[in-house]
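Enquirer: Let me begin by handing over the structure; questions about it come next.
The values are calculated or read from the model by the stated rules, or taken from the named source; none is laboratory data. Just so it is clear, the structure is predicted and the values come from calculations on it, not from any experiment. Glycine also receives a Cβ, built like all others from the backbone with ideal geometry; neighbour counts cover every protein chain displayed.
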Amino acid sequence: MQDVSVHYELNNTLGIIRIDNPPVNALSQAVRAGIIEALEQARSDSSQMLLVLCAGRTFIAGADITEFGKTPQPPSLPDVIAALEGFPKPVVAALHGTALGGGLELAMACHYRAALPDTRLGLPEVKLGLLPGAGGTQRLPRLVGPELALEMISSGAPITANKALEAGLIDQILEGELEPAAIRWALTLLADSAPVRPTGERPVAAPADTDFLARHLKQNARKHRGQLAPGYIAELVELAQNASLEEGLKRERECFLACKNSPQSAALRHVFFAERATGKLPDIPADTPLRPIKRVAVIGAGTMGGGIAMCFASAGIPVILVETAQDYLDNGLDKIRQNYANSVKRGRFSAEAVAGWLDNISGTLDYADLAEVDLVIEAVFENMAVKKEVFGKLDAACKPGCILATNTSYLDVNAIAAATRRPADVIGAHFFSPANVMKLLEVVRAEKTAADVVQTFMKLARTIGKIPVAVGVCHGFVGNRMLRAYARQAQLLLLEGATPSQVDKAMENWGMAMGPLAVGDLAGLDIGYRSRRDQGIEPRSVLESALADTLVDMDRLGQKSGAGYYRYDPETRARQADPEVDKLLRDIADEWQVPQREIGDEEIVDRLILALVNEGAAILQEGIAARPSDVDIVYINGYGFPSWRGGPMFYADSLGLDTVVARLRELRELTGDDGWEPAPLLLELAAAGNSLASLNGRV
Ligand code: 3H9
């Protein structure tokens with residue numbers, strides 16, 4: 001066999017097709033062609049059954065995503081799958097690791113399936129803006145029934161081997177080492193004269209009642225808002241129940257191609273690779289030796305500190321929580337126990353796992369207990385003087401080489417590092433709240449942070465389940481600096497004549513998880529108020545915070561006080577527009593002499609999103625972020641930006657930078673605000689006919 005990614009071997013009565021295409025055995029053209037060639041060989045040899053298995057850490061994890069967007073090369077995956085299902089000898093598949101997307105579709109076209117116990121099986125295409133395009137929408141309902149099939153395909157979440165066995169997706173769990181166990185199982189089937197059993201010829205398992213689709217669409221309406229694939233998926237699963245395989249496959253192909261060629265899928269594929277690119281740092285070699293991190297301490301047992309401690313404990317890393325008084329410590333530890341207990345109640349984790357994680361957390365009031373830790377994360381009050389004091393104490397208490405990290409969202413990490421005699425060991429770690437849930441972690445590189453400290457932190461972040469993005473020092477780093485520009489536009493629009501509901505609805509309809517004013521109410525308006533005061537900005541002295549400051553002075557702090565930009569129903573927490581705020585707005589606009597006008601939703605979206613784009617471009621030019629795709633990842637994972645729009649920088653490219661520059665100039669004209677001057681980087685790229693994406697490859 002010419003192609004090295006698929007090997008065929010005749011083992012007495014068994015023909016073994018072994019796929020070996022690291023790292024995840026994706027179904028590249030070479031693999032597809034290799035399988036067809038293997039089938040040709042097996043057709044005429046003395047094999048009585050074929051066994052498909054994979055080398056390396058996983059079964060096939062799907063189609064090769066890098067091939068999407070290029071001209072398709074034969075054979076197509078549906079053709080390979082049809083050849084497997086229609087093969088005249090029984091074909092069986094042995095799964096391990098992950099059987100995902102096209103990988104699971106291929107397995108479903110085999111006549112029997114078995115898996116090692118820790119295998120995960122799923123159809124995650126929806127996360128790439130796609131749907132299963134090689135029969136998955138038609139074969140999965142035939143095996144597990146339409147209800148579970150719809151849940152799996154529209155969530156993209158994989159299931160365990162046990163669940164797959166219970167649901168009829170696999171026939172057997174394999175024990176022991178993959179290959180010998182798979183061969184034993186196949187020979188048993190052969191001994192039992194197991195017949196060819198094409199999945200496509202089966203009727204749908206346990207057909208659902210007539211309104212299951214309507215229920216599904218209603219339950220998921222909010223989650224799927226604005227997305228193309230989920231509607232098609234529901235239609236196709238229904239078709240599996242009511243139409244022939246041939247008809248179902250034909251419609252599946254049409255829908256798959258519509259999704260594959262859509263801007264949404266291009267955006268989500270960009271996000272897939274962008275998420276994995278964040279760890280590749282332009283100036284730090286990938287093989288930089290890492291510092292071992294075996295024990296960690298977290299300073300401050302408040303909401304943030306507790307959440308951070310949970311991240312380490314849940315990853316099996318012992319963590320000491322440090323407080324200044326016993327009752328603060330006790331409260332913090334109680335809160336952690338409660339959080340874990342809630343997760344167990346909701347079925348997220350087992351009680352057994354959580355008990356083990358809790359054993360990883362201890363508490364102390366004494367910095368002397370930090371002598372042996374390898375990393376400390378400070379999560380005290382967001383105040384420079386307090387942070388400097390803590391870092392002075394850490395410098396004295398911690399061993400040489402211990403990494404000292406500050407969880408700040410705005411402050412100057414260089415100044416904090418200067419409070420120690422070891423600035424090379426100091427780094428910023430901006431976790432997002434709730435820290436045990438939110439995936440994003442901005443890793444802030446200060447001027448003197450050592451390369452191995454950065455690399456260690458980036459790797460450690462992955463170990464605790466985060467998506468780390470390396471950023472440089474500036475006020476607010478990448479995310480909060482951009483947020484400031486975005487939130488400023490929301491405030492100005494209110495004073496110019498929009499209402500809070502209008503601004504929020506426009507942004508939510510565009511795809512943001514929550515509008516900016518609802519976010520402000522959720523976070524608490526007092527936070528920004530305090531931060532402005534700490535920066536020496538007097539309350540109500542600046543136009544863009546005049547409304548927020550006034551609300552705080554009126555004790556309208558947001559959801560926690562029952563009112564902010566909105567009023568909140570005490571029972572349901574539903575937000576209601578408040579005429580009092582509209583009146584307040586008009587008064588403030590009069591006071592500042594801001595003329596009122598009708599404002600359309602398109603202007604709201606343009607102003608908020610282009611403010612992000614312009615600030616993002618300035619951040620890139622200053623080298624605060626390494627590449628545009630890093631900025632996208634920050635905004636998607638930390639600020640509710642719709643992933644199917646690819647992030648603000650990808651979105652700017654999709655508009656075309658010429659269009660972006662022209663619109664920025666129009667906005668300057670319209671508002672008279674010089675802040676709309678296009679960032680020089682945008683001008684440069686637009687003039688050269690280039691995209692922001694052209695900078696992604698510069699690493
Ligand atoms: C599909 O199947 C469509 C069909 O229905 C229809 C077709 C007609 N292709 O994530 P990792 C790379 S759509 C190409 O860091 P892990 C990845 O970029 C597909 N490359 O490892 C990375 O490269 P690098 C449906 C892929 O252990 C390296 O492999 N399937 C693919 O944390 C390691 O990846 C999916 O959506 C791919 N399919 O996680 C599954 N997958 O080292 C997508 C990975 O250069 N994959 N790479 O940065 C995953 O979810 C995870 O990669 C997996 C492993 C769980 C498998």
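Enquirer: Please verify whether P230 is outside any helix (DSSP H, G or I), out of contact with any Gly (no Cβ under 8 Å at 6 or more places or on another chain) and outside the structural domain of C398 (by TED's automatic domain parsing), treating the condition exactly as stated.
Expert: No.
Enquirer: Which of the following residues is over 19 Å from T406 (Cα atoms), touching a strand residue (DSSP E or B) at 6+ places or on another chain (Cβ under 9 Å), surrounded by 14 or more Cβ atoms within 10 Å (Cβ to Cβ) and in contact (Cβ under 8 Å) with a residue 12 or more places away in the chain: I293, I299, I361, I320?
Expert: I361
Enquirer: Looking only at the range 565-576, decide whether some residue is assigned by TED's automatic domain parsing to the domain that holds R540, modelled with pLDDT under 95 and β-branched (V, I, T).
Expert: The answer is yes; a qualifying residue exists.
Enquirer: Let me ask another. What is the one condition in (1) part of a helix (DSSP H, G or I); (2) touching a strand residue (DSSP E or B) at 6+ places or on another chain (Cβ under 7 Å); (3) more than 23 Å from R276 (Cβ to Cβ) that N614 does not satisfy?
Expert: The single condition N614 does not satisfy is (2).
Enquirer: Could you tell me whether any residue of the range 466-484 is within 19 Å of L375 (Cβ to Cβ) and among the polar types (S, T, N, Q)?
Expert: Within the range 466-484, none of the residues are within 19 Å of L375 (Cβ to Cβ) and among the polar types (S, T, N, Q).
Enquirer: Cβ-Cβ under 8 Å, sequence separation 6+ or interchain: first residue in the range 182-209 and among the charged types (D, E, K, R), partner surrounded by 15 or more Cβ atoms within 10 Å (Cβ to Cβ). Which pairs?
Expert: As it stands, the answer is R197/P90; R197/H111; R197/Y112; E201/L245; R202/R142; R202/L143, since those pairs meet every condition given.
Enquirer: Would you mind telling me which numbered condition in (1) out of contact with any strand residue (DSSP E or B) (no Cβ under 8 Å at 6 or more places or on another chain); (2) buried (at least 23 other Cβ atoms within 10 Å of the Cβ) D521 fails?
Expert: (1)
Enquirer: Here's a follow-up. Mind counting the residues in the range 34-71 that are out of contact with any Pro (no Cβ under 9 Å at 6 or more places or on another chain), within 13 Å of the ligand (Cβ to nearest atom) and in a loop (DSSP other than H, G, I, E, B)?
Expert: The number of residues fulfilling the criteria is 6.
For every residue, the table says whether it meets (1) among the polar types (S, T, N, Q); (2) more than 13 Å from the ligand (Cβ to nearest atom); (3) outside the structural domain of D630 (by TED's automatic domain parsing).
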{"residue": "L236", "(1), (2), (3)": "no, no, yes"}
{"residue": "Q241", "(1), (2), (3)": "yes, yes, yes"}
{"residue": "K260", "(1), (2), (3)": "no, no, yes"}
{"residue": "S265", "(1), (2), (3)": "yes, no, yes"}
{"residue": "L268", "(1), (2), (3)": "no, no, yes"}
{"residue": "F272", "(1), (2), (3)": "no, no, yes"}
{"residue": "P282", "(1), (2), (3)": "no, yes, yes"}
{"residue": "P285", "(1), (2), (3)": "no, yes, yes"}
{"residue": "L290", "(1), (2), (3)": "no, yes, yes"}
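Enquirer: Please work out which residue is farthest from the ligand (Cβ to nearest atom), limiting yourself to the range 115-140 and to residues that are surrounded by fewer than 24 Cβ atoms within 10 Å (Cβ to Cβ) and more than 25 Å from K223 (Cβ to Cβ).
Expert: The selected residue is P117.
Enquirer: On to the next question. Mind listing whichever residues of the range 155-171 are surrounded by fewer than 23 Cβ atoms within 10 Å (Cβ to Cβ) and not in a loop (DSSP other than H, G, I, E, B)?
Expert: Residues satisfying the conditions are S155, I159, T160, N162, K163, L165, E166, A167.
Enquirer: Looking at G656, G646, G675 in this structure, which one is of a type outside the set (D, E, K, R) and at pLDDT below 95?
Expert: Result: G675 is the single residue among G656, G646, G675 that is of a type outside the set (D, E, K, R) and at pLDDT below 95.
Enquirer: Quick check on my filter: what residues within the range 1-23 are away from the ligand (no atom under 16 Å from the Cβ) and of a type outside the set (A, V, I, L, M)?
Expert: Answer for the range 1-23, where residues must be away from the ligand (no atom under 16 Å from the Cβ) and of a type outside the set (A, V, I, L, M): Q2, D3, H7, Y8, E9, N11, N12, T13, G15, R18.
Enquirer: Going residue by residue through the range 24-33, is there one that turns out to be within 15 Å of the ligand (Cβ to nearest atom), in contact with a Leu (Cβ under 7 Å, 6 or more places away or on another chain), at pLDDT 95 or above and among the basic types (K, R)?
Expert: Scanning the range 24-33, I find at least one residue that is within 15 Å of the ligand (Cβ to nearest atom), in contact with a Leu (Cβ under 7 Å, 6 or more places away or on another chain), at pLDDT 95 or above and among the basic types (K, R), so the answer is yes.
Enquirer: Taking R556 as the residue in question, decide whether it is at pLDDT below 95 and either part of a loop (DSSP other than H, G, I, E, B) or basic (K, R) (or both).
Expert: So R556 does not fit the description; no.
Enquirer: Another question, then. Report the residue count in the range 130-146 for those that are touching a helix residue (DSSP H, G or I) at 6+ places or on another chain (Cβ under 6 Å) and not in a helix (DSSP H, G or I).
Expert: Residues that pass the stated criteria total 6.
Enquirer: I would also like to ask the following. How about the range 474-504: which of its residues are surrounded by fewer than 19 Cβ atoms within 10 Å (Cβ to Cβ) and of a type in the set (A, V, I, L, M, F, W, C)?
Expert: C474, L492
Enquirer: When the residues of the range 83-103 are narrowed to those that are part of a helix (DSSP H, G or I) and more than 21 Å from A194 (Cβ to Cβ), which ends up farthest from the ligand (Cβ to nearest atom)?
Expert: The selected residue is G103.
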